[in-house]
Amino acid sequence: MSTTARTTETVDAAGQAPGRLATRVAMMLMGKDKPSFVPHADAGAAVEVVNAGKMKITGTKLDTKTYYAHSGAPRGLSAKRLKDVWAGDPSDVLRRAVSRMLPKNSFRTDRLNRLSIKN
């Protein structure tokens, strides 16, 4: 496996919606913004996001959006509201969005490890 020189991209999250920002970040992590993109190689950049606490949540998402997770056990469904996740750690909202936009394959963990989010 050949190694590629990774670049580090810095993105300012102030005033941006988490979903729109997450699409840009996911594309950079996958390397789709480069002309040399091939789906079978992980040649994306390392991405550093700053000012994650200053993202803007539009509409009524803060009150109505819910994150669901299931443990696989009977009655194992758990739900968290966006308001509670945001109060705990605003960067977790962006991390969840980026994680769910990446392809579900063996590169996903490595790509998420290259993502650095600072409040």
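Data overview
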| item | result |
| --- | --- |
| Selection count, the stretch 98-115, where residues are in contact (Cβ under 8 Å) with a residue 24 or more places away in the chain and surrounded by fewer than 11 Cβ atoms within 10 Å (Cβ to Cβ) | 0 |
| Yes/no for residue 91 being closer than 15 Å to residue 114 by Cα and touching a residue at least 40 places away in the same chain (Cβ under 8 Å) | yes |
| Identity of the residue in the stretch 49-65, more than 15 Å from residue 19 (Cβ to Cβ) and under 18 Å from the mean Cα position of the chain (by Cα), that ends up surrounded by the fewest Cβ atoms within 10 Å (Cβ to Cβ) | 54 |
| Single residue of 75, 95 found to be under 11 Å from the mean Cα position of the chain (by Cα), of a type outside the set (A, V, I, L, M) and open to solvent by 60 Å² or more (accessible area, probe 1.4 Å) | 95 |
| Scan of the stretch 35-48 for residues that are in contact with a Gly (Cβ under 8 Å, 6 or more places away or on another chain) and open to solvent by 40 Å² or more (accessible area, probe 1.4 Å), ordered by number | 37 |
| Within the stretch 3-26, considering residues that are free of Cβ contacts under 8 Å to residues at least 12 places away in the same chain and not charged (D, E, K, R), the one farthest from residue 58 (Cα to Cα) | 3 |
| Meets criteria (open to solvent by less than 40 Å² (accessible area, probe 1.4 Å) and either touching a helix residue (DSSP H, G or I) at 6+ places or on another chain (Cβ under 8 Å) or without any contact (Cβ under 8 Å) to a residue 24 or more places away in the chain (or both)) for residue 29 | yes |
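The values are calculated or read from the model by the stated rules, or taken from the named source; none is laboratory data. Note that this is a predicted model, so its numbers are computed, not measured. All Cβ positions, even for glycine, are placed from backbone atoms using ideal geometry, and neighbour counts span all protein chains on display. These area figures cover heavy atoms from the full protein model, side chains too; ligands, DNA and RNA do not enter into them. Shrake-Rupley method; radii C 1.70, N 1.55, O 1.52, S 1.80 Å.
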